[in-house]
Amino acid sequence: MNANVVTADAAAIDRAADALRAGALVAFPTETVYGLGADAANPVAVRAVFEAKGRPSDHPLIVHLADAKHLDVWARDVPDGARALARAFWPGPLTLILPRTALAGDAVTGGQDTVGLRVPAHPVAHALLVAFARRGGHGIAAPSANRYGHVSPTTAAHVADDLGDRVALILDGGPCDVGIESTIVAFAGDRPILMRPGRIGVDALARVLGRVPAAPSGGAPRASGTHASHYAPRTEAFLVDAAILPVEILRLTERDEVVAVLARAPKPAGFDGPWIEAPSDADGYARELYANLRALDAAGADAILIETPPDDPAWLAVSDRLARATHRG
Ligand code: TXA
Ligand code: MG
């Protein structure tokens with residue numbers, strides 16, 4: 001593996017905090033996916049993140065904080081609903097989009113009047129944020145540590161594959177527990193809007209908010225994770241219902257195409273291509289999803305067939321990511 005991957009012990013975390021303060025980029029684990037971090041208050045460092053990812057510069061980044069008490073350093077006019085969500089779910093896999101303060105410059109917000117904020121629960125992310133704050137830092141801006149449009153990384157090796165030579169340091173904290181990106185909630189005034197589904201589901205949000213968050217409309221803030229084709233493997237991927245999966249495999253293999261499959265069932269006798277049997281529960285499926293997509297992508301197949309996920313609220317975030325991974329156009 002790449003030489004700049006280091007085990008995230010106390011010494012490595014101090015080194016990483018120093019590097020961030022000096023304006024360098026550091027990749028680090030969170031409970032959702034690995035982030036590509038930069039000093040959020042340093043526009044030169046933030047611009048280097050866009051450069052490393054190959055991401056359009058008007059796409060805003062999430063600012064990560066050590067503690068919810070730093071919320072008001074970055075956000076103003078915080079609605080009660082947002083405070084309630086922060087109390088209920090931070091530290092954790094939730095991002096809030098809120099009106100920004102002057103500290104949130106155009107580089108980190110993509111020039112928007114709002115800023116994305118999250119307090120991650122992962123012990124390495126937390127320790128890094130604390131070490132960074134001790135050095136006078138205010139927050140770490142971090143998108144997922146993948147090349148733009150590619151599948152998000154859930155291990156240090158994934159980061160090294162995508163960005164190995166573009167970051168000062170990759171802190172290895174093992175595989176991510178949630179496996180898909182944070183739930184994002186924005187506010188139009190007091191009205192909560194679900195910008196991106198995640199592990200924290202609509203029911204859990206609604207219990208705290210006392211109302212179901214709205215779906216994003218045309219006027220909602222822009223979020224690159226909400227583009228139709230995102231999180232995509234490089235091999236063409238297709239959603240296929242379980243009932244027609246055997247027929248579809250036969251159709252493609254008869255044309256001498258190599259087919260890779262992601263299903264929630266064991267590999268059938270007679271199929272000798274790459275096949276991953278994914279967990280049958282939504283959280284387990286999500287945890288392994290991006291590693292599975294990367295593995296099937298690396299299998300050299302002509303197509304990846306993905307069994308359609310259950311039509312159930314618990315699978316909303318997984319369905320969202322699979323729809324984007326299989327989107328064409
Ligand atoms: O779980 C996560 O959220 C991970 C980890 C590293 O924290 N980060 C992540 O970042 O997924 P990224 O940049 O890949 O996705 C962040 C999403 C993007 O869709 C971005 O456009 C949106 O958050 N976002 C950030 N700030 C925003 C803002 N001010 N207004 C609207 N959307 C915003
Ligand atoms: Mg991303």
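The values are calculated or read from the model by the stated rules, or taken from the named source; none is laboratory data. The structure presented is a predicted model; accordingly, all values stated were derived computationally and were not measured. Glycine gets a Cβ as well: all are built from the backbone with ideal geometry, and neighbour counts include every protein chain shown. With ligands, DNA and RNA removed, areas are computed over all heavy atoms of the protein, side chains included. Shrake-Rupley method; radii C 1.70, N 1.55, O 1.52, S 1.80 Å.
Amide H neighbours of ILE200 under 5 Å, at least 5 residues apart or on other chains, H built in the peptide plane: list them.
Amide H neighbours of ILE200, under 5 Å, 5+ apart: THR183.
Measuring from centroid to centroid over Cα atoms, what is the spacing of the stretch 1-41 and the stretch 273-329 in Å?
So the separation of the two Cα centres works out to 28 Å.
Less than 13 Å Cβ to Cβ from LEU103, Lys/Arg counted +1 and Asp/Glu -1: what total charge do the surrounding residues give?
Surrounding charge for LEU103 is -1.
So if I place +1 on the C-beta of Lys and Arg and -1 on the C-beta of Asp and Glu, and nothing else carries charge, what would the dipole magnitude of the stretch 5-209 be about its Cα centre? I want it in debye, nearest 20. Present the calculation step by step, with values, prior to reporting the outcome.
Working: 19 positive and 21 negative charges, 56 e Å.
Dipole size: approximately 280 debye.
Net charge around ASP320, counting only other residues with Cβ within less than 11 Å of its Cβ (Lys, Arg = +1; Asp, Glu = -1)?
+2
Restricted to Cα positions, what overall size does the stretch 1-146 have along the principal axes? Three whole-Å values, descending.
45, 30, 26
Share of the stretch 237-325's accessible area from carbon and sulfur, percent, 1.4 Å?
It is 54 percent, rounded to a whole number.
So how compact is the stretch 229-282: Cα radius of gyration and Dmax in angstrom?
Final numbers for Rg and Dmax: 11.8, 34 Å.
Quick one: with all protein chains in place, what share of the accessible area of the stretch 69-176 is carbon or sulfur, to the nearest percent (1.4 Å probe)?
Carbon-and-sulfur percentage of accessible area, whole number: 51.
Any idea how far apart ASP9 and ASP203 come out in nm if each label point goes 7 Å out from Cα toward Cβ?
Spacing of the two 7 Å Cα→Cβ label points: 4.4 nm.
Loop only per DSSP, at most 16 neighbouring Cβ atoms within 10 Å: give me the trypsin sites (Lys or Arg not before Pro) in the stretch 161-212, ordered by residue number. Present the calculation step by step, with values, prior to reporting the outcome.
Details: sites: ARG166, ARG199, ARG207, ARG211; in loops: ARG199, ARG211.
Answer by residue number: ARG211.
If you add up the charges near PHE89, with Lys and Arg at +1 and Asp and Glu at -1, over every other residue whose beta carbon is less than 12 angstrom from its beta carbon, what do you get?
Here the charged neighbours net out to +4.
Treating only the Cβ atoms of Lys and Arg (+1) and Asp and Glu (-1) as charged, compute the dipole magnitude of the stretch 85-152 about its Cα centre; round to the nearest 20 debye.
Approximately 200 debye in magnitude.
Suppose we look only past 26 Å in the calculated P(r) of the chain. What percent of the Cα-Cα pairs does that tail hold?
Here the tail beyond 26 Å accounts for 46 percent of pairs.
Keeping all protein chains in place, calculate the accessible area per residue for the chain (probe 1.4 angstrom), answer in Å².
Per residue, the chain has an accessible area of 41 Å².
Expressed as a whole number of Å, what is the distance separating the alpha-carbon centroids of the stretch 47-120 and the stretch 146-179?
Computed from Cα coordinates, the inter-centre distance equals 21 Å.
Based on the inverse mean of 1/r over its pairs of different Cα atoms, what is the Kirkwood hydrodynamic radius of the stretch 237-325, in Å?
One decimal place: 13.2 Å for the Kirkwood radius.
Just tell me the longest site-free run in the chain, where the sites are GluC sites (Glu not before Pro) in a DSSP loop having at most 13 other beta-carbon atoms within 10 Å. Intermediate values should be presented prior to the final figure.
Details: sites that count: GLU236, GLU257.
My reading of the result: 1-235 is the longest stretch.
Under the rule of -39500 (n - 2.57) per DSSP H run of 4 or more residues, summed and divided by the residues of the chain, what mean residue ellipticity at 222 nm is obtained, to the nearest 500 deg cm²/dmol?
Working: 11 runs with 105 residues, N = 329.
-9000 deg cm²/dmol, from helical runs alone.
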